[in-house]
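Everything on this sheet refers to the single structure shown next.
The values are calculated or read from the model by the stated rules, or taken from the named source; none is laboratory data. Note that the structure is predicted; figures quoted are calculated from it, not measured. Positions of Cβ are backbone-derived with ideal geometry, glycine not excepted, and every protein chain shown enters the neighbour counts.
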Amino acid sequence: MHDVSPRILGIESSCDDTAAAVVDGEGRVVASVVSRQLESHRPFGGVVPEIASREHLRNWPAVSAETLERAGLGLDDIDVVAATRGPGLIGSLLVGLSIGRALAYARGLPFHAIHHLEGHLYSPFLHADGSAAEEPPTGFHGLVVSGGHTALYRVDDGEIETLAETRDDAFGEVFDKIGKRLGLPYPQGPRVDELAETGVEGKVELTVARCSDGSLDFSYSGLKSQALIEIERLERAGVDCDLGDAEEAPSAVRALLAGFRAAAIGQLVDRLERLRRTGRAPDLLAVSGGAAANRLMRRRLTAWADEHGIALRLVPLAFSGDNAAMIAHAALLRERRGQRDDPLRVDAASRLPMP
Ligand code: KG4
Ligand code: ZN
């Protein structure tokens, strides 16, 4: 099944997840392992860069061994190596990228230094059931929604054009910050989504922000401030807003989170709708990133795409958060375009424009 060359080993370590994967020449995910560092960062309520780098170093031997074991392969069976180059935490990036560079150089293998967001961008074409990846169409739109980024891209023959980006906070970042204010344990985003799911929508209406200059850019800091003010108002009214590990949350807090989540997603739909109304409707929209696990986002975007006859590819939940399958897959697409990097010359970059 997984004998289609080239077999690509992907390495991802841009933030706090240590990940390795093997993807074959047809884009099948042969094995994908992600080691999260949740317990190490939880006491601090968020990712501590210094701890993340050390954990990557510690985790790599077990993660790579398990990946090869699940794939039923040895290192000798690997044809191509790919690692994330940036953007991300520099100390974290350096671990995975250095391992990838060393492996490729020592074994004389082709090497790819991958842009993390390019990995996310093409991830909706992967399948979680071990079947071959879908061939991305020559032209499509991509929405990447994660903890560090909220961006809309147009892809044409491998050329990526940025149509909109966030001007301040990222989508997942505000979910984390609101969750942290409510005392929820790290990572807060998925838990905020869960609580919002049981909240009555429409009780708390928060504003869907737009940029005054008419740009399609995103902005989430205003929404964050509105939600923080609402939390203070609830506290003054005597509502317990320190949720901690509790399964339960007061209905007023859940209603607030429902309103917050609806406004955050409303902004994504607003930008897509404006794109459509100005005659630039996507034929196909590929939605990816850790926050693309959000349930309401998946429902709303499905409804919007259905209504307007737009093809939609939502990233499989197995590959929404950071993973190395998307890195190996982006490398496969670059192999096909004849693009490669010199393992002795690439460097990690915490900030990196889209290629
Ligand atoms: O792509 P990712 O794993 O890492 C980055 O590159 O940022 O995304 C992680 C982000 C975090 O901010 C996390 O809280 C958020 O995605 N996230 C969610 C959900 N699941 C993860 N945000 C909202 N709703 C979710 N269900
Ligand atoms: Zn990511």
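So that you can scan it fast, the table gives a plain yes or no per residue for (1) more than 16 Å from ligand 1 (Cβ to nearest atom); (2) farther than 18 Å from Ser35 by Cβ:
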{"position": "Ala71", "(1), (2)": "yes, no"}
{"position": "Pro87", "(1), (2)": "no, yes"}
{"position": "Ala104", "(1), (2)": "yes, yes"}
{"position": "Gly119", "(1), (2)": "no, no"}
Q.
Taking the criterion of being more than 24 Å from Pro355 (Cβ to Cβ), within 16 Å of ligand 1 (Cβ to nearest atom) and part of a loop (DSSP other than H, G, I, E, B), would at least one residue in region 39-46 satisfy it?
A. yes
Q: For residues that are surrounded by 24 or more Cβ atoms within 10 Å (Cβ to Cβ) and within 16 Å of ligand 1 (Cβ to nearest atom), tally how many sit in region 106-117.
A: 3
**Q.** Hits in region 290-316 - residues which are β-branched (Val, Ile, Thr) and touching a Phe, Trp or Tyr at 6+ places or on another chain (Cβ under 8 Å)
**A.** Ile310
Q: Kindly indicate whether Val81 is part of a strand (DSSP E or B), touching a helix residue (DSSP H, G or I) at 6+ places or on another chain (Cβ under 9 Å) and more than 30 Å from Gly244 (Cβ to Cβ).
A: yes
Q.
What's the number of the only condition in (1) under 20 Å from Pro87 (Cβ atoms); (2) in the same structural domain as Ile327 (by TED's automatic domain parsing) that Tyr105 fails to meet?
A. (1)
**Q.** Members of region 94-148 found to be of a type in the set (S, T, N, Q) and either farther than 17 Å from Ala318 by Cβ or at pLDDT below 95 (or both), listed by number
**A.** Ser98, Thr138
Q: Could you figure out which of (1) surrounded by 19 or more Cβ atoms within 10 Å (Cβ to Cβ); (2) more than 22 Å from the chain's Cα centre (by Cα); (3) closer than 19 Å to Pro137 by Cα isn't true of Leu275?
A: (3)
Q) Only one residue in Leu184, Leu117, Leu121, Leu143 is assigned to a strand (DSSP E or B) and touching a residue at least 40 places away in the same chain (Cβ under 8 Å), so which one is that? A) Leu143
